[in-house]
Amino acid sequence: MGPSILLQGLALSLNRVSILQPIDGTFAAGKLHAIVGPNGAGKSSLLKCVLGLRPHSGDVFREWAGAPGPVAYVPQQSQFEPSLPITINVFLLATFSRRPLWLPMKSAAKVRIDQLLAQVGLTGKGHLRLGQLSGGERQRLLLAQGLDQGSQLWCLDEPMTGLDQEGQEMVNRLLLQLLGQGATLLVLHHDMAWVKRYADRVWVIDGGLAAVGTPDEVFADAQLEVA
């Protein structure tokens, strides 16, 4: 089961400019929380604060039912240095093996990697260097990494970015599978039709918390700007 996440007065300022006014609230465990709002409203900043990737004021408490587990983070734009001689296979191998990477890959590890790549639609691409990947392929690779770690807390910033229709359907299947396993999902998304269909809770961010509730509750206010 994924954790619940309690925010107490979480706020963010950069160079004395307020990015997020204090936010109080709880991301309930085992639910899909859609984070929406205008461009530049602080949505990605909120996600990074929750992950501890950006200094902030206030508190963030992760409350796990059992022992804390790994967190999967899929950023909107992930870049890899094109000149690095690191392949998809080596990248994934490094996430679950302490064996020196210059040694030949064991057959069991190869099978495991092939299974992960098949889950995210990268079958047969393990030999590609990270710098050769398209934006959509980078998204798929980071999803595979999270799956390998068995993460029960997922933070995804526009996970459909760069994906074709097949890729988007794959992400939807994956998210529903994770929900069925009790994972807590925080998903930044701009497609309100998707949010209405899949989200358990909607958080509207616009320099702070503008609204929170079920999709029916949030979208009942026709005056509320969320895109």
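The values are calculated or read from the model by the stated rules, or taken from the named source; none is laboratory data. Because the structure is a prediction, the values reported are computed rather than measured. In this analysis, Cβ positions are derived from the backbone assuming ideal geometry, glycine residues included, and neighbour counts consider all displayed protein chains. Surface accessibility is based on the protein's heavy atoms, side chains included, excluding ligands, DNA and RNA. Shrake-Rupley method; radii C 1.70, N 1.55, O 1.52, S 1.80 Å.
The set of residues from the stretch 9-40 being farther than 19 Å from Pro68 by Cβ and either among the aromatic types (Phe, Trp, Tyr) or loosely packed, with under 14 Cβ neighbours inside 10 Å (or both) comprises Gly9, Ser13, Leu14, Asn15, Arg16, Val17, Ser18, Asp24, Asn39, Gly40.
Six or more apart or on different chains, Cβ under 7 Å: which pairs go from a residue in the stretch 188-204 that's touching a residue at least 60 places away in the same chain (Cβ under 8 Å) to one that's among the basic types (Lys, Arg) and in a helix (DSSP H, G or I)? Could you list them? Once the first residue is touching a residue at least 60 places away in the same chain (Cβ under 8 Å) and sits in the stretch 188-204, its partners that are among the basic types (Lys, Arg) and in a helix (DSSP H, G or I) give Leu188/Lys43. Of the residues in the stretch 169-181, not one is farther than 29 Å from Gly66 by Cα, in contact with a Gly (Cβ under 7 Å, 6 or more places away or on another chain) and at pLDDT 95 or above.
When Leu163, Leu141 are screened for being touching a helix residue (DSSP H, G or I) at 6+ places or on another chain (Cβ under 9 Å) and either open to solvent by 60 Å² or more (accessible area, probe 1.4 Å) or in a loop (DSSP other than H, G, I, E, B) (or both), only Leu163 passes.
Tally time: how many residues in the stretch 38-89 are part of a helix (DSSP H, G or I), under 30 Å from Met192 (Cα atoms) and among the β-branched types (Val, Ile, Thr)?
Taking the stretch 38-89 first, the residues part of a helix (DSSP H, G or I) are 43-51, 88-89.
Add one more test, that the residue is under 30 Å from Met192 (Cα atoms), and what stays is 43-51.
Those still in the list that are among the β-branched types (Val, Ile, Thr) too: 50.
Of the residues in that region, 1 qualify.
Just one residue in the set Gly9, Gly2 is on the phi > 0 side of the Ramachandran plot and out of contact with any Lys or Arg (no Cβ under 6 Å at 6 or more places or on another chain); that residue is Gly9. Among the residues of the stretch 26-41, the one identified as under 15 Å from Asp206 (Cα atoms), in contact with a strand residue (DSSP E or B) (Cβ under 8 Å, 6 or more places away or on another chain) and not hydrophobic (A, V, I, L, M, F, W, C) is Gly37.
Looking across the stretch 63-83, the residues that are open to solvent by 80 Å² or more (accessible area, probe 1.4 Å) and either within 21 Å of Pro159 (Cβ to Cβ) or among the hydrophobic types (A, V, I, L, M, F, W, C) (or both) come down to Ala65, Ala67, Gln77, Gln79.
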